[in-house]
Structure formats: C-alpha cells, structure tokens
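These notes are about the structure you will find just below.
The values are calculated or read from the model by the stated rules, or taken from the named source; none is laboratory data. Given the structure is predicted, the values throughout are model-derived calculations rather than measurements. When we count neighbours, we look across all protein chains shown, and the Cβ atoms used for this are built from the backbone with ideal geometry, even at glycine. Note: accessible area is taken over every heavy atom of the protein model, side chains too, but ligands, DNA and RNA are not part of it. Shrake-Rupley method; radii C 1.70, N 1.55, O 1.52, S 1.80 Å.
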Amino acid sequence: VRRAALGECERVPLDRAAGRVAARALGAYPPGVAECVPGELISKDTVARLDMAQRTGSELFGLEKGMCVVVK
C-alpha cells in the first residue's frame, strides 16, 4: 500500500489497467464505493464493471485526466 500511495506512478487508459496495481482508489458514483484501493491488483472484472458504470451514466472517481493511476 505504501509503495502504491507514495511510489512512482503512471496513468493508463481504463481498458489497459487490468493486471496493474492501483495507486488510487477507483470506483463509480453512484454508489460511491471503491472497486479497488491503492495497492490492489486491478482485475479484468473491475475494469468491466467500471466501463459499464461509465457507459450507463455513472461518474468514475480516482482517475486523473480520465486515466487510471497505477504503480509504475
């Protein structure tokens, strides 16, 4: 968790985030609950749920300039 929160990070598009380690909490609002937290591996299922939420009108949180922040 420490490395994810304080270490070197990079931004990647949501569709390329699966298999990477999250550096920020990622989720959709509503409901506002994080799908993954810093230090957690972003799964294909998580990416699919976030993509579906975004396509159905939810706002994603934890992104920077529309990109997922992951550990480098």
query: LEU26 fails exactly one of the following numbered conditions: (1) open to solvent by 60 Å² or more (accessible area, probe 1.4 Å); (2) under 11 Å from VAL70 (Cβ atoms); (3) touching an Asp or Glu at 6+ places or on another chain (Cβ under 8 Å). What is the number of that condition?
result: (1)
- request: Could you check how many residues of region 29-40 are open to solvent by 50 Å² or more (accessible area, probe 1.4 Å) and within 21 Å of THR56 (Cβ to Cβ)?
  value: 5
message: Just the residues that are among the hydrophobic types (A, V, I, L, M, F, W, C) and within 13 Å of CYS68 (Cβ to Cβ), please, taken from region 38-51.
response: LEU41, ILE42, VAL47, LEU50
message: When the residues of region 41-72 are narrowed to those that are touching a residue at least 24 places away in the same chain (Cβ under 8 Å) and acidic (Asp, Glu), which ends up surrounded by the most Cβ atoms within 10 Å (Cβ to Cβ)?
response: ASP51
message: So, ALA18, is that one open to solvent by less than 80 Å² (accessible area, probe 1.4 Å) and touching a helix residue (DSSP H, G or I) at 6+ places or on another chain (Cβ under 8 Å) or not?
response: yes
message: Being of a type in the set (Lys, Arg), over 22 Å from LYS72 (Cβ atoms) and either modelled with pLDDT under 95 or more than 11 Å from the chain's Cα centre (by Cα) (or both): is that true of ARG55 here?
response: yes
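Being in contact (Cβ under 8 Å) with a residue 12 or more places away in the chain and not in a strand (DSSP E or B) is the filter; apply it to region 3-15 and report the residue that is surrounded by the fewest Cβ atoms within 10 Å (Cβ to Cβ).
In this case the residue turns out to be GLU8.
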